[in-house]
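Each value in this text was obtained by applying a stated rule to the coordinates, not by laboratory testing. None of these values were measured; they are calculated from a predicted model.
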Amino acid sequence: MKSFIITVLVALFFFLALIFGARNEQIVTISYFVAQGEFRLPIVLAAVFLAGFLISWIFAMYHIAKLKLALRTATKKNVNLETKIADSTSLQEVDA
């Protein structure tokens, strides 16, 4: 549910950026390393916002996947240790 709300908020911000850009029909000049281009402001705003969102999303998914893998590994180790403790406890009870 939390990710859905965040996605809706990001979509809302993207929509607001498009509305803001639509009201500003200015032409902006973007200089690349070897070239130069002229674009409308709404297109530049949408592209920059979308690029930033995608880059942030990729980094977030990488870190979330890494944390999930670490959690899964720790859970497996925990289960193994609990099994060993249970086995050693049952062996000690049998010996006594």
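The alpha-carbon of Lys77 sits under 23 angstrom from the alpha-carbons of these lysines, leaving out residues fewer than 8 places away in its chain: Lys66, Lys68. Helix 41-95 and the longest principal axis of the Cα set of the chain meet at an angle near 0°. Computed from backbone phi, the HN-Hα couplings of the stretch 23-37 come to 7, 10, 8, 6, 9, 10, 9, 10, 9, 8, 5, 10, 9, 8, x Hz, rounded to whole numbers (Karplus: 6.51 cos²θ - 1.76 cosθ + 1.60, θ = phi - 60°; Gly and Pro given as x).
Computing Rg and the Kirkwood Rh from the Cα coordinates of the chain gives a ratio, Rg/Rh, of 1.45.
The 3J(HN,Hα) values that the Karplus relation (6.51, -1.76, 1.60; θ = phi - 60°) gives for the stretch 4-16 are, in residue order, 5, 5, 5, 4, 5, 5, 5, 4, 5, 5, 4, 5, 5 Hz. Gly and Pro appear as x.
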